[in-house]
Amino acid sequence: MAGTKAFSVSGYGPERGGIARLLARDSTVRRLDWPLLFSAIALSLIGSVLVYSATRNRTELNQGDPYYFFFRHILNTGIGFALMVGTVWLGHRTLRGAVPALYGLSLVLVLLVLTPLGATINGAHAWIVIGGGFSLQPSEFTKITIILGMAMMLAARVDAGDIVHPDHRTVVKALGLVVPPVAVIMLMPDLGSVMVIVVIVLGVLLASGASNRWIVGLIGAGATGAVLVAVLGLLDEYQINRFAAFANPELDPAGVGYNTNQARIAIGSGGLAGTGLFKGSQTTGQFVPEQQTDFVFTVAGEELGFLGAGLIIVLLGVVLWRACRIARETTELYGTIVAAGIIAWFAFQSFENIGMTLGIMPVAGLPLPFVSYGGSSMFAVWVAIGLLQSIRVQRPLAA
């Protein structure tokens, strides 16, 4: 009787469903963030249709099969979903102990790009060709390991209760973790990935509670570094041309400004409701280069119009909103920092990708999360969703 009474006092006695109710309340499936999951799935499925529309007539790319990229995009999404499930199953706390190994592996992969195994695609020597038409972009996974590595360092003593906020020495160590992969990525060169990583670092430091002097100092150092890179001529010619075309879209409309000009024409022709799926003249006529990857948003703008393109933005907004809630509700600094790093990553990369198609941001070669074709990017963003879900699932239950 004593044991039964104690169990009933907790609010889960036999008369209220007992063990079944307790297990249901603590179920991993029930505690998942479903709006986050459904939004990510919807974005990936919309992306598969847009990728199909952009590539069905590209016989020089699809090997004569109009569904070639469509099925590969679906496959990438499936693999990414499986990686998400695996990440939730392992848990972000378990991965915390594996961060040194994961960081080392990602650094090795990035270094391999600079060997004969590396390949140049769209001007960036940022890929490893695996074979069978498959390639890997290690910088995508570096974003994850940098987030996990910095979170582990910055949160260790805070979560242990030793200090309230990360001290200066801890911040220096965390920033030192970022330097090696960023230096290698700059050598590729992959300026877009470096831009994302810089924003991630700022987001992580803001969430960690580190002194604001670090934020101000890093912004100042970044601005100074950008000036030095330009003055010393460290950028490749194609990167300089991209910035020149952004500053003056009419500089060379048939050359460096061609992509952005055609992108704006495609989006502008869509109007409110679009020209109709698979009926866009810019898309069907193959006027927009790299339309299945970096410029996939132009397909939505032309064929689905403002309403369809707006839906993509709304779904991305839901992903960011749910990630913010997860970051706010977790009781451990480690989880907060990981979620904040993912938020900074998704927010900036989405803004940059959509912005460059609208002409308000320079072309940086960044995919639109979940929507653009590309295995490495798809795998990385779904692992990030797995980390967010793990943080939500493993948070303490309300009393």
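Descriptive notes on the structure:
- Filter result for T330 (of a type in the set (S, T, Y), more than 19 Å from the chain's Cα centre (by Cα) and over 26 Å from I200 (Cα atoms)): no
- Unmet requirement for G123, which otherwise passes all of (1) of a type outside the set (A, V, I, L, M); (2) in contact with a Ser or Thr (Cβ under 9 Å, 6 or more places away or on another chain); (3) at pLDDT below 90: (2)
- Taken together, the residues in segment 194-223 that are assigned to a helix (DSSP H, G or I) and touching a residue at least 12 places away in the same chain (Cβ under 8 Å) amount to 20.
- Just one of (1) free of Cβ contacts under 8 Å to residues at least 24 places away in the same chain; (2) within 19 Å of E290 (Cα to Cα) fails for S44. It is (1).
- Any pair with Cβ under 8 angstrom, 6 or more apart, that starts in segment 27-39 at a residue that is farther than 13 Å from R322 by Cα and at pLDDT 95 or above and ends at one that is open to solvent by 90 Å² or more (accessible area, probe 1.4 Å) and not in a loop (DSSP other than H, G, I, E, B): none
- Condition met for M186 (at pLDDT 90 or above and surrounded by fewer than 23 Cβ atoms within 10 Å (Cβ to Cβ)): no
- Sole exception among (1) aliphatic (A, V, I, L, M); (2) closer than 21 Å to L102 by Cβ; (3) within 20 Å of the chain's Cα centre (by Cα); (4) open to solvent by 10 Å² or more (accessible area, probe 1.4 Å) for A156, by number: (3)
- Test: residue in segment 221-240 that is modelled with pLDDT of 80 or more and more than 19 Å from T336 (Cα to Cα): yes
- Taking first residues from segment 172-193 that are within 13 Å of T145 (Cα to Cα) and partners that are open to solvent by 50 Å² or more (accessible area, probe 1.4 Å) and assigned to a helix (DSSP H, G or I), the Cβ contacts under 7 Å between residues at least 6 apart in sequence or on separate chains come to A174/M153; L177/M153.
The values are calculated or read from the model by the stated rules, or taken from the named source; none is laboratory data. Quick caveat, the model's predicted, so the values are computed rather than measured. Note: ideal-geometry Cβ built from the backbone for every residue, glycine included; neighbour counts use all protein chains shown. Note: accessible area is taken over every heavy atom of the protein model, side chains too, but ligands, DNA and RNA are not part of it. Shrake-Rupley method; radii C 1.70, N 1.55, O 1.52, S 1.80 Å.
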